[in-house]
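J.: Please see the structure below; I have some questions.
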Amino acid sequence: MYDVIVLGAGPAGLTAALYAARAKLGTLVVTGSMVGGQIAFTYQVDNYPGFPDGITGPELSDRFKAHAVRFGAEFLDGDSTGVDFSSKPYRVSVGGKVFEGRSVIVATGMTHRRLDVPGEDRLMGRGVFVCATCDAVLYEDKKVIVVGGGDSAIQEAIDLARFASEVTIVHRRGEARACRCLLDIAESDPKIRFLYNTEVTEILGDKRVKQVSLRDLKTGAIRLVDTDGVLLAIGWDPNTSIFRGQLDMDGDGYIKAEGVKTSKPGIYVAGDLMDKRYRQVVTSCGNGCAAALEAICWIEGHHGE
């Protein structure tokens with residue numbers, strides 16, 4: 001039995017664990033696939049306060065974990081395979097074992113949609129990235145390819161163009177699906193160009209991205225293009241399948257919440273699952289803190305539950 005079970009070990013979950021453990025609550029963190037979440041794939045973090053020289057994503061993740069461990073948080077490697085929120089204490093299944101918690105903080109994050117092409121996984125964090133706001137400064141005076149055609153892809157391209165020397169938007173369809181206001185900005189930027197009816201078939205490079213292989217979907221012709229980076233902007237999927245039927249969710253699979261409060265008392269949500277707009281380390285930490293503070297207050301008011 002734990003006071004708080006935190007599902008997910010990205011910045012939100014790790015911050016929640018720190019605050020809960022520091023309040024002397026028995027705290028268990030179920031890490032998911034890896035400690036750090038999406039930030040663990042970021043080669044260099046230059047916008048987290050207190051690190052003026054930057055810090056690697058994995059190192060920042062390790063520091064977050066060490067801070068939570070210092071105050072007594074326990075960590076369990078693995079994914080939760082099921083939950084039972086129908087009665088208290090709440091139950092979480094991991095690796096065939098069931099853990100009980102008086103409160104649960106859901107910070108399972110999201111998974112970026114994949115191209116499923118050779119080189120994508122191997123070069124993730126080494127030129128393949130998923131956030132312009134996080135990594136654009138690393139591509140100053142360099143060439144970048146943005147894959148996608150929706151609002152997010154065009155906005156990411158616009159943000160990248162402030163730093164990069166050239167941004168190429170590659171999209172499978174014959175036209176972008178983004179709103180006209182964003183397209184007007186992108187089309188008027190001399191650094192941005194569009195390649196429609198085109199798909200990435202391979203990402204090449206030894207230690208870092210050097211080229212991409214592009215296929216013309218009309219002619220079938222394949223050519224190699226030099227680039228320093230590939231930003232994937234083809235969408236995200238919330239990691240919430242185990243919560244279906246347990247928590248109120250919208251049609252896209254996001255957990256419905258008022259602030260960080262879900263439809264079940266004592267269960268809170270934090271991180272990218274509740275932040276579709278900013279998705280920054282510092283904002284995830286902020287709502288991870290909020291979720292933990294709400295859990296602390298709830299537990300203090302429900303001693304016997």
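J.: Let me check against my output: what whole-number percent is the relative contact order of segment 114-232, with C-alpha pairs under 8 Å and at least 6 apart?
T.: Contact order relative to length: 31 percent.
J.: Take a quick pass over the chain and tell me how many lysine pairs come in under 18 angstrom between Cα atoms, counting only ones 8 or more apart or on separate chains.
T.: 13
J.: What are the semi-axes of the equivalent ellipsoid for segment 156-228, taken as the square roots of 5 times the Cα gyration tensor eigenvalues, largest first, in whole Å?
T.: After diagonalising the Cα gyration tensor, the semi-axes are 22, 18, 8 Å.
J.: Please figure out what share of the DSSP beta bridges in segment 35-179 is antiparallel and state it in percent, rounded to the nearest 5.
T.: Counting only bridges with both partners in segment 35-179, antiparallel ones make up about 60 percent.
J.: Then there's this: Pairs of alpha-carbon atoms within less than 8 angstrom and 6+ residues apart define the contacts here; what relative contact order does the chain have, in percent?
T.: 21
J.: Indicate, rounded to the nearest 5 percent, the antiparallel portion of the DSSP beta bridges found entirely in the chain.
T.: 45
J.: Also, quick follow-up: Expressed in nm², what is the orientationally averaged projection area of the convex hull enclosing the Cα positions of segment 7-114?
T.: 7.6
J.: Counting only Cα, what are the radius of gyration and maximum Cα-Cα distance Dmax of segment 114-264, in Å?
T.: So, for segment 114-264, Rg and Dmax equal 17.2, 54 Å respectively.
J.: Most mobile of V35, V281, V117 per a Gaussian network model of the chain (Cα springs, under 10 Å)?
T.: Evaluated over the chain, the most mobile residue of the options is V117.
J.: Compute the FRET efficiency between T56 and K24 as 1/(1 + (r/R0)^6), taking r as their Cβ-Cβ distance and R0 = 25 Å, and round to the nearest 0.05.
T.: So the FRET efficiency works out to roughly 0.20.
J.: Right, another one. Given C-alpha coordinates of the chain, what is the ratio Rg to Rh with the Kirkwood estimate of Rh?
T.: 1.02
J.: Around W236, which amide H atoms from residues at least 5 apart in sequence, or from another chain, sit under 5 Å from its own amide H, with H modelled in the peptide plane?
T.: Excluding prolines and chain starts, which carry no amide H, the hits are R113.
J.: Give me the one-decimal Kirkwood hydrodynamic radius in Å for segment 91-137, with the sum taken over alpha-carbon pairs.
T.: This gives a value of 14.4 Å.
J.: Another question, if that's okay. Bins of 10 Å, beginning at zero and ending with the bin holding the largest distance: percent of Cα pairs per bin for segment 210-305, please.
T.: Bins of 10 Å from zero give 13, 31, 22, 15, 12, 5, 2 percent of pairs.
J.: So if we plug the beta-carbon distance of D252 and R223 into 1/(1 + (r/R0)^6) with R0 = 25 Å, what FRET efficiency do we get, rounded to 0.05?
T.: 0.10
J.: Once you have the Cα-Cα distance between E187 and R277, take 0.36 nm times their residue separation minus that, and quote the gain in nm to one decimal.
T.: Full extension of this stretch gives 30.1 nm more.
J.: Compute the length gained on full extension between S93 and T81: take 0.36 nm times their separation in residues and subtract their Cα-Cα distance, giving the result in nm to one decimal.
T.: My answer for the length gained is 3.8 nm.
J.: If each residue of separation counts as 0.36 nm, what is the full-extension length gain between R172 and C297 once their alpha-carbon separation is subtracted?
T.: The R172-C297 span can extend by a further 40.1 nm.
J.: Gap in Å between the Cα centre of segment 39-88 and the Cα centre of segment 92-170?
T.: Here the answer is 17 Å between Cα centres.
No value in this document is a laboratory result; all are computed from the given coordinates. Keep in mind it's a predicted model, so treat the numbers as computed, not measured. A quick note on method: Cβ atoms are made from the backbone with ideal geometry, for glycine too, and the neighbour counts reach across all protein chains shown.
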